[in-house]
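Structure first, commentary second.
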Amino acid sequence: MAVDAVVSTNLEGKLHLVARGKVRDVYELDSESLLFVATDRISAYDVIMKNGIPQKGALLTALSSHWFTYLSSQIPSLRTHFLSSSLPPSIQLDEAERAQLARRSMRVRRLQIYPIEAIVRGYITGSAWAEYRKTGTVHGAPMPEGLRESEELPEPVFTPSTKAEVGGKDENISKERAAEIIGADAAKKIEQLSLDLYKKAAAYARSTGIIIADTKFEFGYDAADPSTVILVDEVLTPDSSRFWPADAYAVGKTQDSFDKQFLRDWLTREGLKGKEGVAMPPEIVQRTHEKYVEAYERLTGSKWQTT
């Protein structure tokens, strides 16, 4: 892995920076479109690590592009914010800047964003398992008795959360609370579309040997047509999903994972969970990079090209 991690971008004087999130730097292209730049930053337990994972941003961008194309072919009525994964030739960038942005940039429609995260769970794990063990519920909703850790649910469930600002923590909420925040009509549409997207993606992923245990979608709308829900942000990546290898899956225990769980486990073992300014050692960086590459290659059927 003979490339450096890109943990920040700086296009001052070239493009206006709209926002800098945990992973993405968002720039304004014009009144109708934005440039999403996925850096190599990585966060765990809502804390950004000091160093990054080389090529992570490019991997996330390529995988999101793959999913936008696939899901649009499966759900013809689906609308997304995705325009292109190529840089607009009109942007006045020097060679170094173009090289830095190459493969990690997406041009997207500029939309109003619903302030919730649309989480779909097909298996009981993570925070859902922790809640279920205490109360028999997930996001406050009763669940079947006798479920075991990592067990597949009878049907996928929609479990929204709030969308926190950078540095904040998302809060699991009920479907009823989501409807209060964004309106009953939008909440109903988002729930149904989220479940449809998850089912299509989960079936496809299973054919590649990957179980999508849960995932997070985000949605927006065009102010000129607020009745239409539009899929935005990244889609079905290791940052927004929990991917498990199907050939190693076993109910009743924590699963191996293609996502950030490897990093989370290391932080927990070292007593670094939730601490700021943590730098990952080289072996953690390398193994996390390999997890992202393997997920990409399995899901797309394409070999990842380093350069």
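The values are calculated or read from the model by the stated rules, or taken from the named source; none is laboratory data. None of these values were measured; they are calculated from a predicted model. All Cβ positions, glycine included, derive from the backbone under ideal geometry; neighbour counts span all protein chains shown. The accessibility values were calculated without ligands, DNA or RNA, using every heavy atom of the protein model including side chains. Shrake-Rupley method; radii C 1.70, N 1.55, O 1.52, S 1.80 Å.
Scanning the range 257-280 for residues that are assigned to a helix (DSSP H, G or I) and among the aromatic types (Phe, Trp, Tyr), we see that the one that is surrounded by the most Cβ atoms within 10 Å (Cβ to Cβ) is 266.
Restricting to the range 191-224, name every residue that is of a type in the set (Gly, Ala, Ser), open to solvent by 40 Å² or more (accessible area, probe 1.4 Å) and over 19 Å from residue 300 (Cα atoms). Step through it out loud before you land on a result.
Pass one, the range 191-224, residues of a type in the set (Gly, Ala, Ser): 194, 201-203, 205, 207, 209, 213, 220, 223-224.
Remaining after also requiring open to solvent by 40 Å² or more (accessible area, probe 1.4 Å): 203, 207, 223-224.
Within the range 191-224, 223, 224 meet the criteria.
Residues of the range 9-28 that are more than 19 Å from the chain's Cα centre (by Cα) and assigned to a loop (DSSP other than H, G, I, E, B): 9, 10, 11, 12, 13, 14, 15.
Summed over the range 1-16, the residues that are surrounded by 14 or more Cβ atoms within 10 Å (Cβ to Cβ) and either modelled with pLDDT of 95 or more or under 22 Å from residue 63 (Cβ atoms) (or both) give a count of 5.
Among the residues of the range 36-51, those that are part of a strand (DSSP E or B), of a type outside the set (Ser, Thr, Tyr) and either within 13 Å of the chain's Cα centre (by Cα) or crowded, with 23+ Cβ neighbours inside 10 Å (or both) comprise 36, 37, 38, 44.
Among the residues of the range 52-87, those identified as in a helix (DSSP H, G or I) and in contact with a strand residue (DSSP E or B) (Cβ under 6 Å, 6 or more places away or on another chain) are 57, 60, 61, 68. Within the range 159-170, the presence of at least one residue that is within 26 Å of residue 299 (Cβ to Cβ), polar (S, T, N, Q) and in contact with a His (Cβ under 6 Å, 6 or more places away or on another chain) is confirmed.
Any idea which residue in the range 286-307 is farthest from residue 44 (Cα to Cα), counting only those that are of a type in the set (Val, Ile, Thr) and within 19 Å of the chain's Cα centre (by Cα)? Outline the logic, then answer.
Here is the first cut: in the range 286-307, the residues of a type in the set (Val, Ile, Thr) are 288, 293, 300, 306-307.
Among the residues that remain, those that are also within 19 Å of the chain's Cα centre (by Cα) are: 288, 293, 300.
Details: 288: 12, 293: 19, 300: 25 Å.
Once the filter is applied, the top-ranked residue is 300.
For residues in the range 60-82 being touching a Lys or Arg at 6+ places or on another chain (Cβ under 9 Å), of a type in the set (A, V, I, L, M, F, W, C) and more than 12 Å from residue 233 (Cα to Cα), which is surrounded by the fewest Cβ atoms within 10 Å (Cβ to Cβ)? It comes out as 75.
What about residue 101, is it modelled with pLDDT under 95, more than 18 Å from the chain's Cα centre (by Cα) and at negative phi? Even if it seems obvious, please write down each step before you answer.
Numbers: modelled with pLDDT under 95: yes; more than 18 Å from the chain's Cα centre (by Cα): yes; at negative phi: yes.
Answer is yes for this residue.
Tell me which residues, restricted to the range 70-86, are within 17 Å of residue 204 (Cβ to Cβ) and in contact (Cβ under 8 Å) with a residue 60 or more places away in the chain.
Kept after step one, since they are within 17 Å of residue 204 (Cβ to Cβ), are these residues of the range 70-86: 70-76, 78, 80.
Correct list: 70, 71, 74, 75, 78, 80.
Look at the range 238-256: where a residue is part of a strand (DSSP E or B) and a partner is at pLDDT below 95 and open to solvent by 50 Å² or more (accessible area, probe 1.4 Å), sitting 6+ places away or on another chain with Cβ atoms under 8 Å, you get 244/256; 245/256. Taken together, the criteria place residue 96 among residues that are aliphatic (A, V, I, L, M), loosely packed, with under 14 Cβ neighbours inside 10 Å and in a helix (DSSP H, G or I).
Among all positions in the range 282-299, there is at least one residue which is buried (at least 18 other Cβ atoms within 10 Å of the Cβ), without any contact (Cβ under 8 Å) to a residue 40 or more places away in the chain and touching a helix residue (DSSP H, G or I) at 6+ places or on another chain (Cβ under 8 Å). Inspect the range 227-237 for any residue being open to solvent by 10 Å² or more (accessible area, probe 1.4 Å), under 22 Å from residue 43 (Cα atoms) and assigned to a loop (DSSP other than H, G, I, E, B) and give the result as yes or no. The answer is yes, given that some residue of the range 227-237 is open to solvent by 10 Å² or more (accessible area, probe 1.4 Å), under 22 Å from residue 43 (Cα atoms) and assigned to a loop (DSSP other than H, G, I, E, B).
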